[in-house]
Amino acid sequence: MHDVNDVLQADGAKPELVALVEIILGAAKHIAHCVRQGALAGVLGSTEDENIQGETQKKLDVIANQILKDALLENRQVCAIASEEEDTSVAGNPAGTYLVAFDPLDGSSNIDINGQVGTIFTIYPARADVACDSELQFHQPGIQQLCAGYVLYGGSTLLVISVGGATRCFTLDANGNFVLTEAELQIPADTREFAINLSNQRFWRSAFKRYVDDLIAGDTGPRAKNYNMRWNAAMVGDVHRVLMRGGIFSYPSDSRNPSQPAKLRLLYEANPMALLIEGAGGKAFTETQRILTLQPQTLHQRVAVILGSANEVEACLAYLK
Ligand code: AHG
Ligand code: MN
Ligand code: MN
């Protein structure tokens with residue numbers, strides 16, 4: 001029992017849900033091929049456009065979005081999709097029972113430097129009380145996710161996925177099959193590693209700055225141990241490291257831009273990662289509450305994120321009280 005189909009069904013996923021995951025994985029394999037080809041396929045560099053969030057779109061952002069969108073909208077089970085690279089949600093089959101949201105390519109600034117990038121996805125049940133073309137379909141708290149995962153295009157292409165229970169890791173083999181390679185990820189409760197973009201510290205609230213100052217103070221400070229720092233500039237890479245060996249990852253709220261209190265998006269970044277982290281025994285919070293219980297207000301809503309090793313997340317939250 002090593003393939004995605006068998007593992008997810010044993011985890012309690014319905015065959016239709018697993019079939020939908022297989023479609024996402026088919027698209028991800030296509031994206032993996034484009035990422036691997038890089039300059040040979042002419043896919044590096046930027047487009048002339050920005051997405052609705054004011055970010056420059058890289059060519060591969062647009063290509064990956066189109067690959068996922070085309071594959072998903074062909075499927076009769078899909079009621080609607082939402083993507084970082086689409087202004088609004090996109091309606092599928094009104095009788096479809098699933099919603100899919102995705103960050104087609106996370107870590108865009110890594111594309112042109114051959115760094116880690118990945119696809120983050122989440123599946124929700126479609127709401128019968130809301131039209132399929134309404135973005136209200138997606139205003140569901142993360143706790144309602146039926147499945148969440150990412151495909152990391154790194155040294156190996158990996159799938160990390162949960163259907164609400166354990167978080168499992170598969171590796172793409174030479175035959176194009178995802179093979180179970182870590183049956184049950186477990187994040188150690190304690191850590192000595194943090195992933196935070198320190199260049200933003202002048203924009204942080206003072207309590208968060210105090211927390212990070214105390215990490216940096218190491219064994220001479222109140223935390224009484226030395227910490228190491230890692231930053232991938234791709235949430236998918238940073239979260240993967242936390243899942244594999246523990247750590248804390250945070251992108252806190254900041255005051256850089258008053259219309260944008262935080263950077264990461266709730267629907268297709270924070271919520272799927274929160275489900276995976278909790279499935280591996282970690283914690284995932286905003287500065288005040290469990291991410292999975294937040295009631296979304298808008299499609300591209302941004303939230304502060306603090307996730308990873310349970311005791312370290314608790315220690316961080318204690319500074320913010
Ligand atoms: P995306 O490439 O999908 O826009 O997401 C990038 C996000 C996230 O992956 C990462 O943790 C963060 O932005 C990096 O931010 P910095 O530019 O501050 O390093
Ligand atoms: Mn992203
Ligand atoms: Mn992206």
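What the table below lists for this structure:
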read-out	value
Hits in region 23-53 - residues which are open to solvent by 60 Å² or more (accessible area, probe 1.4 Å), aliphatic (A, V, I, L, M) and without any contact (Cβ under 8 Å) to a residue 12 or more places away in the chain	A39, L40
Positions within region 253-270 being open to solvent by 30 Å² or more (accessible area, probe 1.4 Å) and either within 11 Å of ligand 1 (Cβ to nearest atom) or without any contact (Cβ under 8 Å) to a residue 24 or more places away in the chain (or both), in sequence order	R256, N257, P258, S259, K263
Residue within region 157-166 that is within 16 Å of ligand 3 (Cβ to nearest atom) and crowded, with 20+ Cβ neighbours inside 10 Å present	no
Those helices (runs of 4 or more DSSP H) lying entirely in region 199-294 with at least 2 residues within 22 Å of G54 (Cα to Cα) and outside the structural domain of I120 (by TED's automatic domain parsing)	235-245
Residue match in region 274-288 (condition: under 22 Å from Q201 (Cβ atoms) and either surrounded by fewer than 19 Cβ atoms within 10 Å (Cβ to Cβ) or in contact with a Pro (Cβ under 7 Å, 6 or more places away or on another chain) (or both))	yes
Single residue of region 221-241 satisfying the filter (surrounded by 19 or more Cβ atoms within 10 Å (Cβ to Cβ) and not β-branched (V, I, T)) that is farthest from ligand 1 (Cβ to nearest atom)	Y227
Among (1) surrounded by fewer than 24 Cβ atoms within 10 Å (Cβ to Cβ); (2) within 16 Å of ligand 3 (Cβ to nearest atom); (3) not aromatic (F, W, Y), the one test that V90 misses	(2)
Positions within region 195-220 being open to solvent by less than 20 Å² (accessible area, probe 1.4 Å) and more than 24 Å from the chain's Cα centre (by Cα), in sequence order	A207, Y211, L215, G218
Number of positions in region 37-79 that are part of a strand (DSSP E or B) and either in contact with an Asp or Glu (Cβ under 7 Å, 6 or more places away or on another chain) or among the β-branched types (V, I, T) (or both)	4
Residue within region 70-82 that is farther than 18 Å from I123 by Cα and either open to solvent by less than 30 Å² (accessible area, probe 1.4 Å) or assigned by TED's automatic domain parsing to the domain that holds R265 (or both) present	no
Restricting region 80-93 to residues that are part of a loop (DSSP other than H, G, I, E, B) and among the small types (G, A, S), the residue that is nearest to V117 (Cα to Cα)	S89
Residue among V130, V90, V117 that alone is hydrophobic (A, V, I, L, M, F, W, C), within 16 Å of ligand 2 (Cβ to nearest atom) and farther than 14 Å from I23 by Cα	V117
Qualifying residues in region 103-131 (those that are more than 16 Å from ligand 1 (Cβ to nearest atom) and open to solvent by 20 Å² or more (accessible area, probe 1.4 Å)) - the one farthest from A32 (Cα to Cα)	D129
For I111: the one exception among (1) assigned to a helix (DSSP H, G or I); (2) away from ligand 2 (no atom under 13 Å from the Cβ); (3) over 26 Å from P141 (Cβ atoms)	(2)
Test: residue in region 306-314 that is surrounded by 20 or more Cβ atoms within 10 Å (Cβ to Cβ), in a loop (DSSP other than H, G, I, E, B), of a type outside the set (S, T, N, Q) and not assigned by TED's automatic domain parsing to the domain that holds L68	no
Verdict on A315 being at pLDDT 95 or above, farther than 25 Å from R168 by Cα and over 17 Å from the mean Cα position of the chain (by Cα)	yes
Residue within region 133-156 that is surrounded by 23 or more Cβ atoms within 10 Å (Cβ to Cβ), outside the structural domain of A284 (by TED's automatic domain parsing) and out of contact with any helix residue (DSSP H, G or I) (no Cβ under 8 Å at 6 or more places or on another chain) present	yes
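The values are calculated or read from the model by the stated rules, or taken from the named source; none is laboratory data. Just so it is clear, the model here is predicted, and its values are computed rather than measured. Reconstructed Cβ throughout: ideal geometry from the backbone, glycine too, with neighbour counts over all protein chains shown. Protein only, heavy atoms only, side chains kept; ligands, DNA and RNA dropped before computing areas. Shrake-Rupley method; radii C 1.70, N 1.55, O 1.52, S 1.80 Å.
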